[in-house]
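Undergrad: If you scroll down you'll find the structure; I have some questions about it.
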Amino acid sequence: MAKMTLEQLRKLREEKKKQLDMRDPDNKQIHIVVGMGTSGIAAGAKDTLDAFLRCIENRGLTNVAVRQVGSFGLDYAEPTVEVVMPDMPRVIYGKVTPDVAEKIVLEHIIGKKLVENHVYDRPAADIVDKE
Amino acid sequence: MHYSLSDFILELVQNSLEAGANDLHLIIKEEGHFFMQLSDNGKGMTEEEKNRALDPFFTDGIKHPNRRVGLGLAFLSQMVSQVQGDFSVISGKNKGTCVSFSVPLDNVDTPPVGDISSAIRQAFSYDYDYELFIERTCPSGYSYTLSRREIASVLGDFSIVENALLLDSFIREQEASCNT
């Protein structure tokens with residue numbers, strides 16, 4: 001099999017961009033931030049991150065950014081993930097296995113409901129004081 | 001502990017980025033042994049800091065003030081000594097650091113190699129401005145190179161999911177050529 005060249009990658013990128021521009025342009029940005037420090041990696045954050053990418057692709061969601069940072073300091077609850085999006089409080093979820101990642105996409109991002117039993121930080125105050 | 005050898009790719013890259021490096025050179029080779037070497041232009045360590053870096057309770061105190069944790073290199077040196085591999089850290093203050101290790105792939109205690117493509121994609125995707133040049137040699141002897149800057153100039157921001165997925169398939173194609 002001939003492997004993909006940078007030129008082919010550039011073409012794919014341009015095709016994708018056209019498709020994206022045709023979709024809802026004022027779609028607001030959603031950020032998923034995955035803690036990838038030592039403890040995160042040890043607890044399987046790599047698989048969690050990949051699960052988010054797959055699930056977002058499968059659901060055809062656009063304007064989602066998945067970012068990698070170091071530890072959130074909640075090492076006992078790794079893998080940890082922060083979700084920031086319009087109309088929802090900022091939440092740090094803990095013990096986010098690939099299954100839970102899928103739940104977060106379906107329930108939190110699409111359904112706009114918090115995912116039970118996995119909220120580890122930024123709870124009530126933010127719910128009252130909506131951004 | 002880390003589950004796979006590819007986890008250490010992320011571990012080392014993150015260490016370098018947090019040490020202020022923006023020019024990283026990574027070699028990954030599988031030839032009976034799994035060999036990995038990461039050299040960077042980060043702030044480096046003095047001889048004393050270098051020795052303490054292997055202490056699981058040492059960190060520079062900047063990221064976690066008043067806490068004594070820093071398991072990254074300690075995990076790596078523990079894994080390497082368990083399987084009788086080689087491990088070295090060469091570093092000079094303000095001169096950067098070069099970490100390398102080699103472990104036998106036939107030792108029962110050697111962790112599985114893991115998903116190299118995914119680890120490379122994630123090593124490219126940290127929120128910093130940096131070059132990461134990768135030289136990868138596959139078990140078949142086939143080799144390829146990747147430059148983060150070059151790919152980023154084509155794709156743009158890797159945190160955008162569409163770009164991350166394109167990056168993923170690009171790396172997977174290079175890695176697939178390993179088996180042909």
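The values are calculated or read from the model by the stated rules, or taken from the named source; none is laboratory data. Computed from a prediction, not measured in an experiment: that's the story for all the values here. So basically every Cβ, Gly included, is an ideal-geometry build from the backbone, and we count neighbours across all protein chains shown. Note: accessible area is taken over every heavy atom of the protein model, side chains too, but ligands, DNA and RNA are not part of it. Shrake-Rupley method; radii C 1.70, N 1.55, O 1.52, S 1.80 Å.
Undergrad: Kindly flag which residue pairs out of A:LYS46/B:LYS50; A:LYS3/B:LYS50; A:LYS112/B:LYS43; A:LYS95/B:LYS93; A:LYS16/A:LYS113; A:LYS103/B:LYS50 have an alpha-carbon separation exceeding 32 Å in this structure.
TA: Details: A:LYS46/B:LYS50 28 Å; A:LYS3/B:LYS50 41 Å; A:LYS112/B:LYS43 44 Å; A:LYS95/B:LYS93 38 Å; A:LYS16/A:LYS113 30 Å; A:LYS103/B:LYS50 43 Å.
Pairs exceeding 32 Å: A:LYS3/B:LYS50; A:LYS112/B:LYS43; A:LYS95/B:LYS93; A:LYS103/B:LYS50.
Undergrad: Next up: Run the quick spin-label model on B:ASP23 and B:GLU48: label points 7 Å from Cα toward the beta carbon, then report their separation in nm to one decimal.
TA: Calculated label separation equals 2.9 nm.
Undergrad: If you bin the C-alpha pair distances of the protein assembly as shown every 10 Å from 0, what whole percents do you get?
TA: Answer for the protein assembly as shown: a P(r) of 6, 26, 33, 24, 10, 1 percent.
Undergrad: Which net charge results for the neighbourhood of B:ASN22, defined as the other residues with beta-carbon distances under 14 angstrom from its beta-carbon, given Lys and Arg at +1 and Asp and Glu at -1?
TA: On the way: positive: B:LYS43, B:ARG148, B:ARG149; negative: B:GLU18, B:ASP23, B:ASP40, B:ASP127, B:ASP129, B:GLU131.
Around B:ASN22, the charge tally is -3.
Undergrad: Could you give the dipole magnitude of chain B about its Cα centre, charging the beta-carbon of Lys and Arg +1 and that of Asp and Glu -1, in debye to the nearest 20? Working shown, then result.
TA: Details: 14 positive and 26 negative charges, 87 e Å.
Dipole about the Cα centre, nearest 20: 420 debye.
Undergrad: How much of the accessible area of chain B, probe 1.4 Å, is carbon plus sulfur, in whole percent? Walk me through the intermediate numbers first.
TA: Working: 3910 of 7820 Å².
The value for chain B is 50 percent carbon and sulfur by accessible area.
Undergrad: What ³J(HN,Hα) values, in whole Hz, does the Karplus curve 6.51 cos²θ - 1.76 cosθ + 1.60 give for region A:106-111 when θ = phi - 60°, with x put for Gly and Pro?
TA: 6, 8, 7, 6, 8, x
Undergrad: What are the equivalent ellipsoid semi-axes of chain B, built from the alpha-carbon gyration tensor (square roots of five times its eigenvalues), in whole angstrom, biggest first? Don't skip to the end; give the middle numbers.
TA: Values: eigenvalues 134, 92, 39 Å².
Equivalent-ellipsoid dimensions as semi-axes: 26, 21, 14 Å.
Undergrad: For region B:63-180, what is the accessible area per residue in Å² when the probe is 1.4 Å? Write out the running numbers ahead of the final one.
TA: Values: 5100 Å² over 118 residues.
For region B:63-180, the per-residue accessible area is 43 Å².
Undergrad: While we're looking at this one, here's another question. Normalised by the residues of chain B, what does the relative contact order come to in percent, with Cα pairs under 8 Å and at least six apart?
TA: 26
Undergrad: Treating the beta-carbon of each Lys and Arg as +1 and of each Asp and Glu as -1, no other charges, what is the dipole magnitude of region A:68-116 about its Cα centre, to the nearest 20 debye? Please report the intermediate quantities before stating the final value.
TA: Working: 5 positive and 8 negative charges, 30 e Å.
That gives a dipole near 140 debye.
Undergrad: Residue-wise, which Karplus ³J(HN,Hα) couplings in Hz belong to region B:3-17, taking 6.51 cos²θ - 1.76 cosθ + 1.60, θ = phi - 60°, and x for glycine or proline?
TA: Once rounded to whole Hz, the list reads 6, 10, 4, 5, 4, 6, 4, 5, 4, 6, 4, 5, 4, 4, 5.
Undergrad: If you don't mind, another one. If you plug each phi of region B:41-54 into the Karplus form 6.51 cos²θ - 1.76 cosθ + 1.60 with θ = phi - 60°, what whole-Hz ³J(HN,Hα) values come out, in order, with x for Gly and Pro?
TA: Those phi angles translate into 10, x, 6, x, 9, 6, 4, 5, 4, 4, 5, 6, 4, 7 Hz.
Undergrad: Heavy atoms only, probe 1.4 angstrom, no DNA, RNA or ligands counted: give me B:ARG148, A:ARG67, A:ARG59, B:ARG136 ranked by accessible area, highest first. Intermediate results must be reported in sequence, preceding the final value.
TA: On the way: B:ARG148 30, A:ARG67 65, A:ARG59 130, B:ARG136 5 Å².
The most accessible residue leads, giving A:ARG59, A:ARG67, B:ARG148, B:ARG136.
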